[in-house]
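Okay, structure first, notes after.
The values are calculated or read from the model by the stated rules, or taken from the named source; none is laboratory data. Worth saying up front: this structure is predicted, and the values here are computed from it rather than measured. Don't worry about glycine lacking a Cβ; one is built from the backbone with ideal geometry, like all the others, and counts go over all protein chains shown. For accessibility, only protein heavy atoms count, side chains too; no ligands or nucleic acids. Shrake-Rupley method; radii C 1.70, N 1.55, O 1.52, S 1.80 Å.
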Amino acid sequence: YREDDAIIDYAIGLEALLMRGIAAELSYRFALRGATVMTWNGGDKKELFNKLRDFYEVRSNIVHGSHVDPVKLSNARAQGEKALRDIWWWFFDSKGSLSKAISEIDQRILQ
């Protein structure tokens, strides 16, 4: 029921889906891949990229012990939950392996 715990849980789920095998540039790739999936059928990719990047920044602040404003915590929790649900369903619907789905996302980014 804690907002900071929920944010970490959502980030772990999103990282597992979006970050497999990536050691560098986590925040950028996290936000880029997430925004690409969330706008697969249209939408404002830049806006979602910024929201996911901000979410990941809150997550990093929590993990590294920095204070995060309660309003930012609440906003990040809502954003993380929505992103995890949307992206999770996209992966389920893709009906392929995680590696194949990541490859498909990366191909979409390069288009």
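Inside segment 72-111, can you point out the residues that are of a type in the set (Gly, Ala, Ser), assigned to a helix (DSSP H, G or I) and surrounded by fewer than 18 Cβ atoms within 10 Å (Cβ to Cβ)? Don't jump to the end; show me each part of the working.
Filtering segment 72-111 down to residues of a type in the set (Gly, Ala, Ser) leaves 74, 76, 78, 80, 83, 94, 96-97, 99, 101, 103.
Subsequent filtering for residues that are assigned to a helix (DSSP H, G or I) retains 74, 76, 78, 80, 83, 94, 99, 101, 103.
Across segment 72-111, the qualifying residues are Ser74, Ala78, Ser94, Ser99, Ser103.
How many residues does segment 43-62 contain that are touching a residue at least 24 places away in the same chain (Cβ under 8 Å) and surrounded by fewer than 18 Cβ atoms within 10 Å (Cβ to Cβ)?
So the count comes out to 4.
When segment 10-42 is examined, which residues are found to be among the charged types (D, E, K, R) and touching a residue at least 60 places away in the same chain (Cβ under 8 Å)?
Within segment 10-42, the first condition is being among the charged types (D, E, K, R), and the residues that meet it are 15, 20, 25, 29, 33.
Across segment 10-42, the qualifying residues are Arg20, Arg33.
Are any of the residues in segment 51-71 within 22 Å of Tyr1 (Cβ to Cβ), charged (D, E, K, R) and out of contact with any helix residue (DSSP H, G or I) (no Cβ under 6 Å at 6 or more places or on another chain)?
Yes.
Can you go through Tyr1, Tyr56 and tell me which one is among the aromatic types (Phe, Trp, Tyr) and outside any helix (DSSP H, G or I)? Break it down into steps so the answer makes sense when it comes.
Details: Tyr56 fails: outside any helix (DSSP H, G or I).
Only one candidate qualifies: Tyr1.
Quick check: is even one residue across segment 64-71 closer than 19 Å to Gly34 by Cβ, open to solvent by 80 Å² or more (accessible area, probe 1.4 Å) and part of a helix (DSSP H, G or I)?
So in segment 64-71, the residues closer than 19 Å to Gly34 by Cβ come out as none.
Within segment 64-71, none of the residues are closer than 19 Å to Gly34 by Cβ, open to solvent by 80 Å² or more (accessible area, probe 1.4 Å) and part of a helix (DSSP H, G or I).
Just need a number here: residues in segment 11-26 that are on the phi < 0 side of the Ramachandran plot and either open to solvent by less than 40 Å² (accessible area, probe 1.4 Å) or not in a helix (DSSP H, G or I) (or both).
Here is the first cut: in segment 11-26, the ones on the phi < 0 side of the Ramachandran plot are 11-20, 22-24, 26.
With the extra rule that they be either open to solvent by less than 40 Å² (accessible area, probe 1.4 Å) or not in a helix (DSSP H, G or I) (or both), the set shrinks to 11, 13-14, 17-20, 22-24.
Residues meeting the conditions: 10.
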